[in-house]
Amino acid sequence: MGWSTREVAELAGTTLKAVRHYHERGLLPEPPRSANGYKSYGVAHLTQLLRIRRLVDLGAPLSRIRAMDPDADRFEDTLRALDAEAAATIERLLGVREEIARQLERGPDSASFERLRRPAPASPDHGFLVVLSRVMEPETYGAWEALHERTPATGALAEFTRLPADTGDDARDDLAERLAAAVRAIHEEAPLLRDPVLRVPHRPSFAARSLRVALADLYSPAQLDVLARVGRRLGPGRRP
């Protein structure tokens, strides 16, 4: 006489599917079958099921449970390893909470909040910030993002955003001159942005190419032409 699969699962507080999975993984030995052909589980099976569930609750992966040595000293080492992994997980989750708190503090108007909220860039500027965040060293990018968030899109910046494709040469030159002046003011306010530090210093050509791809993808030919004029006004090696 013994328990059916459903009964032993109920006693162990688990499911039929879990019991079958433990059999497939070699964690739970197959029970004998009764005269009617049904599996007949005993106390040893229930004990092992409860052990598996408890170890899973403590964070042990199934692959490790099978290899666990029941020797007291070795089993203690295993538990200490699980404890260290749990501590690392807690530390990571605390970091996650801190980052969520920072996002909430920045609010829905921040670029980082927008990147989390939207599956696609809210604007070309936000899209460009996404790429910058991947090629700039974090401190440099943080300065860029902070400046972007507190700089209103007015004047020359607003004109650049709405620049018509058929803008004439003189108008492009005038806009480039005003944008170059704005960039010089930015460099005065945030010197770190004058020569930004790249996240991939050993691959500067890759970083530069990534920025070119982003610019071509996000901005119109007229806007790209204005940016090129801004670059010439700023001088060699300077970025708008």
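Every number in this text was worked out from the coordinates using simple rules, so none of it is lab data. Nothing here was measured: the structure is a model prediction, and the numbers come from that model. Cβ atoms come from the backbone with ideal geometry, glycine included; neighbour counts cover every protein chain shown.
Listed values, structure above:
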| quantity | calculated |
| --- | --- |
| Label-point separation, E177 to L82 (7 Å along Cα→Cβ), nm | 7.4 nm |
| Reciprocal of mean inverse Cα separation for the stretch 111-234 (Kirkwood radius, Å) | 15.3 Å |
| Segment T161-E188, extension gain: residue separation times 0.36 nm, minus the distance between their alpha carbons | 7.4 nm |
| Value of relative contact order over the chain, rounded to a whole percent, pairs C-alpha under 8 Å and six or more apart | 15 percent |
| Where labels lie 7 Å past Cα in the beta-carbon direction, separation of D69 and F206 in nm | 4.2 nm |
| Extended-chain gain in nm, criterion 0.36 nm per residue less alpha-carbon gap, V96 and R54 | 12.4 nm |
| Loop-located GluC sites (Glu not before Pro) in the stretch 145-240 whose Cβ has at most 15 other Cβ within 10 Å (DSSP) | none |
| Order of R33, R199 under a 10 Å beta carbon neighbour criterion, fewest first | R33, R199 |
| Cα long-axis angle, helix 43-57 against the chain (0 to 90 degrees, to the nearest 10) | 20 degrees |
| Fluctuation leader among A86, A207, A35 - the chain, Gaussian network, Cα springs under 10 angstrom | A35 |
| Charge sum, other residues only, whose C-beta stays under 11 Å from I52's C-beta, Lys/Arg counted +1 and Asp/Glu -1 | +4 |
| Relative exposure of K39, K17, judged by other C-beta atoms within 10 Å (fewest first) | K17, K39 |
| Which of F160, F206 has the fewest Cβ neighbours within 10 Å, and the rest in rising order | F206, F160 |
| Cα Rg over Rh - the chain, Kirkwood | 1.30 |
